[in-house]
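Heads up, the thing below is written out as structure tokens.
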């Protein structure tokens with residue numbers, strides 16, 4: 001398996017959880033709002049673009065990721081992603097809230113020229 005291996009959205013989430021066991025990070029209180037805020041603050045950053053794709057993958061259950069992209073997430077971002085996955089599984093935010101978050105993230109990236 002090379003570092004360019006493509007993973008489905010579900011398989012990528014499994015890999016994120018596996019990696020998160022070895023990289024401590026604090027849980028995020030409102031991960032959806034925190035993710036959008038982080039993306040809006042630095043929309044052109046690689047990590048922000050990846051967070052946007054992860055948000056979309058969670059709500060639409062589609063997308064492909066490279067295994068190597070996991071390394072683009074620092075400990076705080078990885079903790080945020082795990083919190084996002086947990087929040088999505090628990091249904092703590094409505095589908096409309098997720099869609100609005102994805103729209104806001106994408107709008108920030110478009111505004112940054114991406």
Expressed in nanometres to one decimal, the distance between label points 7 Å along Cα→Cβ at residue 33 and residue 103 is 1.9
Could you work out which residue, out of 59, 102, 39, moves most in a Gaussian network model of the chain, that is, has the largest mean-square fluctuation with Cα springs under 10 Å? 59
Global form of segment 15-79, assessed from the alpha-carbon gyration tensor, a/c cut-off 1.5: rounded
If the viscosity is 0.890 mPa s and the temperature 25 °C, what translational diffusion coefficient in µm²/s does Stokes-Einstein give for the chain when Rh comes from Kirkwood over Cα pairs? 175
Could you work out how far the C-alpha centroid of segment 6-48 sits from that of segment 79-99, in angstrom? 11
Using the number of other C-beta atoms within 10 angstrom as an exposure proxy, rank 22, 65 with the fewest first. 22, 65
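Readers should treat all values here as calculations from the given coordinates under stated rules, not as data from a laboratory. The model shown is predicted, which means the values in this text are computed figures rather than measured ones. For neighbour counting, all protein chains shown are included, and Cβ atoms are generated from backbone atoms with ideal geometry for every residue, glycine included.
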